Structure formats: structure tokens, C-alpha cells
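To keep things clear, I will list the structure first and then write my remarks on it.
Just so it is clear, none of the values below were taken in a lab; they were calculated from the coordinates. Predicted model only: the values in this text are computed from it and were never measured. Here the Cβ is made from the backbone with ideal geometry for all residues, glycine too, and neighbour counts use every protein chain on show.
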Amino acid sequence: MVSKKITLSQTLIVIFITLFSLSCLFPFLMVVSGSLSTEKDIFDYGYRLWPKTFTLDSYKILLLGSSRILDAYGISTLVTVAGTALSLLVTSMGAYAMARRTFKYRNILSIYVIITMLFNGGLVPWYIICVRYLDLKDSLWALILPMLANAFNMFLIRNFMLSIPEDMNESAKMDGAGDFKIFYRLILPLSLPVMATVGLFVALSYWNDWFLGLMFVDKQEFQPLQLLLRTLVSNVEFLKSSSNAAAMQRISAQIPSESIKMALTVITIGPIIFLYPFVQGFFVKGLMVGAVKG
């Protein structure tokens with residue numbers, strides 16, 4: 001009798017989670033439907049799960065600059081892949097140093113990292129350092145280096161590494177392994193869950209970032225996808241708000257600004273949707289252990 005009650009409760013939980021998961025798809029379906037709807041239908045009927053009048057006008061408008069969008073896609077993909085890999089390397093090495101109980105200055109290093117979470121020098125000094133001293137103007141490195149190290153991610157990895165028994169490091173030392181060999185051959189494979197979790201955070205940050213491109217990139221060939229799409233949306237809003245001439249009004253009336261925004265969302269969210277299933281198996285384990293342990 002007890003087993004039947006447990007089975008019934010588990011079934012109800014599964015049904016609830018399934019329904020909740022399906023409900024999470026509604027916003028995304030409404031975004032896709034909005035991108036395929038006419039501007040008039042959006043204003044008259046709002047966003048729907050299925051477009052009342054099917055149209056591809058918003059995507060056709062975006063494809064007018066398809067070459068620039070493809071170039072921006074390549075820039076964003078390169079920056080995301082390279083930035084995520086380098087960020088994981090730098091962040092994990094700093095976390096390993098703070099996690100080693102035999103490291104003499106690990107407490108000082110931890111305090112230094114914490115200070116960066118609480119205080120910053122401001123936008124102007126940061127810009128001067130990046131442009132004048134690091135010479136990052138109009139360079140792909142300008143889209144990678146400023147976000148390379150993150151204090152929160154470093155502590156997340158550190159807390160996970162603290163859950164690894166110190167005896168394993170001592171055993172590797174006795175076998176003649178150095179710190180770098182222990183880090184690459186022992187610690188990193190054991191830290192795969194938290195590395196996958198932090199990697200997803202970092203990849204999302206790089207993929208969605210447009211601010212670094214706005215600050216440091218003037219050349220169009222180095223513009224990331226998010227900055228290009230932000231510029232397109234700003235241009236559409238300018239045309240829609242302009243009322244100085246009858247010709248401008250006729251042009252703005254034909255531009256589906258709301259459906260273009262939805263189409264841009266569909267275009268930019270695609271790679272992240274395909275990335276998440278590969279790391280979701282590690283996500284909960286890496287996040288919970290990295291946040292609780294230590």
C-alpha cells in the first residue's frame with residue numbers, strides 16, 4: 001500500500017513537472033509566432049501562439065543585409081568559442097590556486113578577488129586602460145579580454161575544487177607530478193561538472209554582449225552580431241518615429257518593427273538553444289556542489 005502511494009505521488013510530480021516544462025515553451029512559441037505575424041495583427045490581436053496572418057516580411061528585411069549578418073555571426077561565434085575557452089582556463093587556474101590549502105598566499109588572493117566584486121574603478125579609467133595601455137581599439141581582443149576573468153565564476157570553481165580530497169593532490173605529488181600536471185591531469189577532469197556550468201555562463205555572456213563592441217569597435221568587419229542587430233533595431237525605431245516628411249511616414253508604416261524584434265530574437269537565441277542540451281547534464285550538479293561545498 002505504501003509503495004502504491006509513493007508511485008502515485010511520483011506520477012503526480014512527473015505530470016506537474018511535464019506541464020510546467022511545456023508552459024515554459026509558450027513564451028518562445030509566442031516569439032516565433034510574432035516574428036511570422038504582420039505588424040497590424042500584433043497591434044490588433046497581440047501576441048498569439050499561432051500567427052493570424054502568416055508572413056516572412058521581417059526575415060526578408062533582415063536578409064537584405066545577409067552578408068553583414070553572416071559576418072557578424074562569424075565574429076560572435078569566434079569570440080564566444082575563444083573567449084569561453086580562455087576564460088575557463090584563466091578562471092580555473094585562479095580557482096585552483098585559491099583552493100590549494102598548501103598555497104601560502106591563497107587567503108590574500110581570495111581577498112583580492114572579493115574586492116573586485118565589491119569595488120571598481122569606474123567606466124572612464126577602465127576605458128583608458130583598455131584603449132591607451134592595452135591597445136584594444138578595433139581588435140577582436142577587445143571583445144574577449146575585458147570579460148576574461150570573473151570573480152563569481154572563480155569562486156564557484158574554487159568551492160567545487162575544495163570538495164576534492166586533498167589526499168589526491170598529495171598522492172600525485174608523491175608520484176612525482178608537479179602542480180601543472182596535477183591541475184591538467186587530475187583536477188580538471190574531476191571538475192568537469194562545474195566547468196561545464198561556468199562555461200555555459202561565460203558563453204552566454206560573450207554571445208549576448210554588445211557593450212564591448214559599442215565601446216571599442218568602430219570597424220564594421222569586427223562588429224559582433226548583437227551590436228549589429230541593436231543597430232538595426234535602432235534604425236527601425238528611428239524610421240518609425242520620424243514624421244518630418246510624408247515619404248518617411250510611408251516608409252515607416254511599411255516596416256514591421258515589432259515582428260523584426262521577434263525575428264532578431266529567434267536569430268540570436270538559436271545557437272544557445274543547441275548548446276544547452278550538451279551541458280544540462282552537468283548543470284545542476286556543478287552549480288549546487290560549487291555553491292554549497294567549501
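For LYS52, which aspartates and glutamates qualify as cross-link partners when the Cα separation must be under 12 Å and same-chain residues fewer than eight apart are set aside?
Output for LYS52: GLU39, ASP41, ASP44.
For LYS219, which aspartates and glutamates qualify as cross-link partners when the Cα separation must be under 19 Å and same-chain residues fewer than eight apart are set aside?
ASP71, ASP135, ASP138, ASP209
Using all alpha carbons of segment 53-139, what is the percent of pairwise distances in each 5 Å bin, ordered from the shortest bin to the longest?
Final binned percentages: 3, 10, 9, 12, 16, 14, 10, 8, 6, 5, 4, 2, 1, 0.
Within 10 Å of each residue's Cβ, count the other Cβ atoms and sort ILE272, ILE42 from fewest upward.
Listed from fewest to most nearby Cβ atoms, that is ILE272, ILE42.
From the phi angles alone, apply the Karplus equation (6.51, -1.76, 1.60; θ = phi - 60°) to segment 77-91 and give each ³J(HN,Hα) in whole Hz, x where the residue is Gly or Pro.
With the stated coefficients, segment 77-91 comes to 5, 4, 5, 5, 5, 5, x, 5, 5, 5, 5, 5, 5, 5, 5 Hz.
Please check which bits of segment 143-170 a label hung off ILE129 would reach, taking the label as a point 7 Å along Cα-to-C-beta and the cut-off as backbone N under 20 Å.
It comes to 143-155, nothing else.
For the pair ARG185 and THR7, how long in nm is the line joining their label points, each one 7 Å along Cα→Cβ?
Here the modelled spin labels are 5.1 nm apart.
Lys and Arg at +1, Asp and Glu at -1: add these up for the other residues within a Cβ distance under 12 Å of ILE187 and post the number.
With Lys, Arg at +1 and Asp, Glu at -1, the neighbours total +2.
Sort THR7, THR265 by Cβ crowding within 10 Å, fewest neighbours at the top.
Working: THR7 10, THR265 16.
Ordered from fewest to most neighbouring Cβ atoms within 10 Å, THR7, THR265 come out as THR7, THR265.
Can you figure out the FRET efficiency of PHE119 with PHE152, using R₀ = 25 Å and their beta-carbon distance, to the nearest 0.05?
Working from the Cβ atoms, E equals 0.95.
Students often get this wrong: which residues of segment 99-141 have the backbone nitrogen under 15 Å from the point 7 angstrom along Cα-to-C-beta of GLU221?
Residues passing the 15 Å test: 138-141.
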